[in-house]
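Read-outs: derived from the displayed coordinates by stated rules, not from any lab. This one's a predicted model, so the numbers in the text were calculated from it and none came from an experiment. Here Cβ is always computed from backbone atoms with ideal geometry, including for glycine, and neighbour counts include all displayed protein chains.
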Amino acid sequence: MAGDNDNTNTAVEAVGGGDGKKVSRRAFVVGSGAALAGGALATTAHAAAQTTEAPKIQKAVYPRSTKYLVYDSMHCAGCLGCMLACSLVHEGVTSLSLSRIQVHRSVLSKYPLDMQQNVCRQCPDPLCVDNCPTGAAHVSAENGNIRMIDEAKCIGCQTCIKSCPQLPHRTIWNPAKKKSTKCDLCVNTPFYNKKGGPGGAQACVEACPRNALKVVDEMPDQADHRGVAQNDTAGYDRNLQPPAPKMPFGFGPGAKPKGKTGAKPGAKPDAKPDGAPDAKPAPEGKPAASAAPAN
Amino acid sequence: MGTPGFGGKLLVVNLTTKEIIRLDSQEYEKYGGGHGTATALFWEFCVKPGDWDLQDAFDPHNMVSLTVGAMAGTGTPASARTSVSGMSPQCYPIQWFCHSNFGGMFSTMLKMAGWDGVAVIGRAESPVYINIVDDKVTIEDAKSLWGLTTWECQEEIWKRTGVRFGQEWWKLDGGYSLQRPQIVTMGAAGENMTRVASLVHGGGSGAGQGGFGGVFGSKNLKAVAVMGTGSIKIADPKGLKDAREWWDKTWPRGGGFGGFGFGSPGEVTSCCVGCGIPRFCHNRTRVHSKDSDDCAESTWYTLEDRQVPTEVNQRGTDICQQHSINAMETCFMGPMTFDTSHNPSFPIQPKIPAYSALGWYMKKMYDMGVIGPGTKFDTSPLPMEEYGSRNFMEIYGYAIANRVGIGNLLAEGTARFCEKLGRTDDFSTLCRLTMWGFMDHWSMPGVEWAYGNLFDSRDINNHDMSLGRKNGITCEQFVNIMAKRTPPTEDPFWFDYSWEGEQAYKTGIYSEHKAQWVAWHQHYWNYYKESVGFCDWGYSQLYNQAHKEGFGHTPEIEPKYLNAVTGRNHTFEDGLEIGRRAWNLKRAIFVLQGRDKKMEKFTGYYYKPGASYCGYAKELTVYDGSKWEWQNCNELYFTVEGVEKFKDHFYKVEGWNVDNGYPTRKTLEDLDLKPVADTLQSKGKLG
């Protein structure tokens, strides 16, 4: 799957989904089930829902997103500026809970496990879309096949949230509106003076002071080191930094403050600018934690 | 919902009565939020009742406040400070109303929970912590947290939530979050009510100066934890985003004071919420990877005569943070030394450390035979023969935090340690204490820092006034730029550092011009920094060498951000006026605590050659009556007569009585502080 980036449409034609959505059998069944209350199809749908593998077994094939938000966990400063910018342009407020990108810090843990960044992966097999009973979660053909949620169609069932295979889930619940939402790469941003979306700007990327966020065209490697696509240790987390210049004072990279010899800030042994296909090294290969003295 | 940008509520917790009071924060907005609001709360709860003498910071009557301004949680760069206010056990000889602040995530989380501040009075019968989850406030038992380090305490409170952070969303009454509660706490130094105890948040964000960790200890208050799932209303979201973008484009980072150019791409810094400078204040990889404080790491266990191994230096920072020891007050010498050999009469030869702090002074006393085995002051448990080692450093920190042996004296802070040794003359010689018991910290030859210390209650620690020589620009061009960036007066003579002859009185360091600049700066920081929450490392910025005209982002960016967030239409000068109000209210508190004109005299060394020997920026702008020149001000020092003349100017500028330094009724009433004037009058202290 990695590196296979064609957007060939192999799904069946949409049935009332619109906007490029390729409706799965299950979605069709669930949708029909509402109309055929008590009927045999509804019973079948119910039985399918009881099996944990039902969504995956019956998933359709969706056109791939043309854009992906990737990040640099090793150089993120944890300022949460991306989160505040996200909620600002989407909701007109700043909020940590409503942000569609989530960064959380564990400041007493060792680098690089002291921070975690969670972005919507724009999954090639978007279970949020696949399982949405109303078509609110959809693949938007007019927006580069981004996986989006149409707030008007969302009934607040949270199926998309329960379906998200990532931990923690990347679909966001807005308790005030009682609607689900998710990263749309800034397509629907009523509080943003710029055109967002796949051909436009992203507030989180703009807000990042560390160049630790970027939107890329190529679908990142979907597998992580454990072969389970639950943590973004695969293609989404990558070195986005240009080479560091030497700084003049006794602070910053390249400078050695008096009495210091062991600081290796940001040292990533195989650090390469974005574009290199390598993923974030596995935890056992993480460089800086071992540079710190034992507690 | 009150004014956009604000949480809308203030929380006052009385630990004696267990009363939880909710106040409408809008009623306090005229004081600016943050420290200004805390000053008003202190007046309301501690001064107005008139039931104590305002002398003992450890008295349960004292209030310690954690307050934030309009910017916290808005994503505005360098604006996530939480102000800490209250009477300070570190101040000497009187424990003045004082302040400190810390960065990190606390201010944002407090705002997300709907609060603009938490103020605590009284004393709990047994250890407690205050737990805030959105609107819900509880006083929780903290007996099992007492004795834990600041890091252990935070970990334990996180454990109590039962949430697997990083794996699952946390469902709370008000909503969901992936975040942890943000906690400010103290360690042994606070529990044992030392005067050098900081408050610590996260791995290394801390409020050191003032000794507020000890005030927590005096209240049996181990921590304040806050978790918020709400949001902050922004009056003009597009305007705020645009302001940020305009700032990014117009003021290149690294070209001015704020930012320094630290934290280049590739560095692994850790920032306060929203910070876009970034200055590399904290590092994700150093000091056991615990979000260390780079400044403390650089200074605390730096020694004069030997190189300390990196791992020992780093461990020293951990000691400070875990025990909550004020790193600056207790450090050994600071980041560098300055030559004094050209002046053989200077008491510290041949080099003077940047900070003659407690660790350095203690060693000096040992070397001089004042303390140590066989003397009146045994140095036990310090293994003096191991000075420089990790073992010595760890015991030094432990002894202070736990008041063990000589640590019990050291825990009183430098000024009181001198006093215990019977060596208060050292204030002006070896210790070089600036005002009110705090050590000198770059206050000279940039005299506005020194004057700020004189009229305030601590080392004002405002780095934005570093006005040293700039390359590629003439002296006259520089002062004209500075004038343009300091409205409304726009007076280039504010920046004249003439210190000798008549010129010093006409336009230099004793002039009315300088008094106006010092007042401007006090009003600026009282509002924009300590109340709004803008960080000292980013604000003010008057000069930026990378800007096409050399302009810094002050005075344009502050109102731009503030108005976008709050929806007000305030000018920069409106902010200065709010700062003046908070500053005058604070002055009234000082006066009631005992401040008057006679007290406001510099420590002796400011009046002698050498006062500027450890200045950070020595080449300053000097006007000789006909032209401007950069001049080396290494020999700048004050005269008694000059300072007295300056005080007259300053009091007049502030509207205070020039005979006693008390605020006048007219000044207070003009600032809508009539009740304050009435109280001062009732105490016979109205100017």
Net charge near B:PHE45 (other residues with Cβ under 12 Å of its Cβ; Lys, Arg +1; Asp, Glu -1) is -2
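Provide the gained length on full extension for the span B:GLU155 to B:ALA617, in nm with one decimal, where the gain is 0.36 nm per separating residue minus the Cα-Cα distance.
Numbers: separation 462, 0.36 × 462 = 166.32 nm, distance 4.19 nm.
Gain on extension, B:GLU155 to B:ALA617, equals 162.1 nm.
Give B:LYS9/B:LYS586; A:LYS194/B:LYS470; B:LYS560/B:LYS652; B:LYS529/B:LYS601 a once-over and call out the pairs whose C-alpha atoms are over 29 Å from each other. Walk me through the numbers on the way to the answer.
Details: B:LYS9/B:LYS586 22 Å; A:LYS194/B:LYS470 38 Å; B:LYS560/B:LYS652 31 Å; B:LYS529/B:LYS601 26 Å.
Long pairs (Cα-Cα over 29 Å): A:LYS194/B:LYS470; B:LYS560/B:LYS652.
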Only helices counted: for chain B, with every DSSP H run of 4 or more residues adding -39500 (n - 2.57) and the sum spread over all residues, [θ] at 222 nm is -9000 deg cm²/dmol
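Among A:195-202, B:206-213, A:121-128, what's the highest-first ranking by average C-beta atoms within 10 angstrom per residue? Don't jump to the answer; show the numbers that get you there.
Values: A:195-202: 18.5, B:206-213: 32.0, A:121-128: 23.1.
For the peptides A:195-202, B:206-213, A:121-128, the packing ranking is B:206-213, A:121-128, A:195-202.
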Phi-derived 3J(HN,Hα) across the range B:76-83 with the Karplus relation (6.51, -1.76, 1.60, θ = phi - 60°), rounded Hz, x for Gly and Pro, is 5, x, 6, 9, 9, 6, 9, 8
Taking a crude spin-label model, label points 7 Å out from Cα along the C-beta direction, the B:GLU500 to B:LYS627 distance in nm is 1.8 nm
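Are there trypsin sites (Lys or Arg not before Pro) in the range B:590-687 that DSSP marks as loop and that have at most 16 other Cβ atoms within 10 Å, and which are they?
B:LYS601, B:LYS627, B:LYS683
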Across A:207-215, the residue-averaged tally of Cβ atoms belonging to other chains within 10 Å stands at 4
Yeah, the range B:447-682 with a ≥ b ≥ c from its alpha-carbon gyration tensor (a/c under 1.5 is rounded, else prolate when a/b outruns b/c, oblate otherwise) is oblate
Taking only Cα atoms of chain B, the Rg to Rh ratio with Kirkwood Rh works out at 0.94
For A:ASP150, the residues 5 or more places away or on another chain with a placed amide H closer than 5 Å to its own amide H are A:ALA137, A:HIS138
Violations at 19 Å Cα threshold for listed pairs B:LYS48/B:LYS683; A:LYS67/B:LYS238; B:LYS111/B:LYS674 -> A:LYS67/B:LYS238; B:LYS111/B:LYS674
The answer for A:ILE172, listing residues at least 5 apart or on another chain whose modeled amide H is closer than 5 Å to its amide H, is A:THR181, A:LYS182
On the formula 1/(1 + (r/R0)^6), with r taken between the Cβ atoms of B:HIS342 and B:ASP659 and R0 of 41 Å, the FRET efficiency rounded to 0.05 is 0.50
Taking a straight Cα-to-Cα line shorter than 13 Å from A:LYS182, and setting aside same-chain aspartates and glutamates fewer than 8 residues away, one finds A:GLU91, A:ASP150, A:GLU151
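What average number of partner chain Cβ atoms lie no more than 10 Å from the Cβ of the residues making up B:308-317?
Average per residue, whole number: 4.
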Expressed in angstrom and rounded, the centroid-to-centroid distance over alpha carbons for the range B:462-540 and the range B:138-189 is 44 Å
Expected vector for the range A:73-89, Karplus 3J(HN,Hα) from phi with 6.51, -1.76, 1.60 and θ = phi - 60°, integer Hz, x for Gly and Pro, equals 5, 6, 10, 4, 8, x, 7, 6, x, 5, 5, 5, 5, 4, 5, 5, 6
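Convex hull volume of the Cα atoms in the range B:300-392, per residue, in Å³?
On the way: hull volume 9.8 nm³, N = 93.
Cα-based convex hull of the range B:300-392, divided per residue, equals 105 Å³.
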Reduced to Cα centres, the span from the range B:648-671 to the range B:73-131 in Å works out to 30 Å
Sorted by chain and number, the residues with a modelled amide H under 5 Å from that of A:GLY196, at a separation of 5 or more or across chains, are A:ALA201
From the cross-link list A:LYS214/B:LYS159; B:LYS548/B:LYS627; B:LYS18/B:LYS171, the entries with a Cα-Cα span beyond 30 Å are A:LYS214/B:LYS159
Per its Cα gyration tensor (rounded if a/c is under 1.5, else prolate when a/b beats b/c, else oblate), the range B:545-611 is best filed as oblate
Taking the square root of 5λ for each eigenvalue of the C-alpha gyration tensor of the range B:586-687, the equivalent ellipsoid has semi-axes, largest first and in whole angstrom, of 35, 16, 11
Once both label points are put 7 Å beyond Cα along the C-beta direction, the B:TRP52-B:ASP242 separation in nm becomes 5.0 nm
Counting only DSSP loop positions in the range B:118-178, the trypsin sites (Lys or Arg not before Pro) whose Cβ has at most 14 other Cβ atoms within 10 Å are B:LYS143, B:ARG164
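Rounded to the nearest 0.05, what FRET efficiency is calculated for B:LYS420 and A:GLU151 with R0 set to 56 Å and r the Cβ-Cβ distance? Let's see the in-between values first.
Values: r = 68 Å, r/R0 = 1.21.
In this case the efficiency is close to 0.25.
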Full extension between B:ASP378 and B:GLU168 adds, at 0.36 nm per residue less the Cα distance, a length in nm of 70.2 nm
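What's the longest bit of chain B with no exposed GluC sites (Glu not before Pro), using DSSP loop states and at most 11 other Cβ atoms within 10 Å as the test? Intermediate results must be reported in sequence, preceding the final value.
Working: sites that count: B:GLU125, B:GLU549.
Longest gap between qualifying sites, sites excluded: B:126-548.
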So, relative contact order of the range B:431-527 in percent, Cα under 8 Å, 6 or more apart, is 18 percent
Diffing the range A:200-205: the Karplus 3J(HN,Hα) column from phi (6.51, -1.76, 1.60, θ = phi - 60°), in whole Hz with x for Gly and Pro, holds x, 9, 10, 4, 5, 5
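Using a Förster distance of 22 Å, how high is the FRET efficiency between B:ASP670 and B:ASP574, based on the Cβ-Cβ distance and rounded to 0.05?
Working: r = 15 Å, r/R0 = 0.66.
So, using R0 = 22 Å, E works out to roughly 0.90.
How crowded by other chains is A:69-79, given as the mean number of beta carbons from other chains within 10 Å of each beta carbon?
On the way: counts 0, 0, 0, 0, 0, 4, 6, 5, 13, 12, 14.
Across the residues of A:69-79, the mean count of other-chain Cβ atoms within 10 Å is 5.
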Output row, site B:MET599, 7 Å Cα→C-beta label point, backbone N cut-off 15 Å, window the range B:181-216, residues none
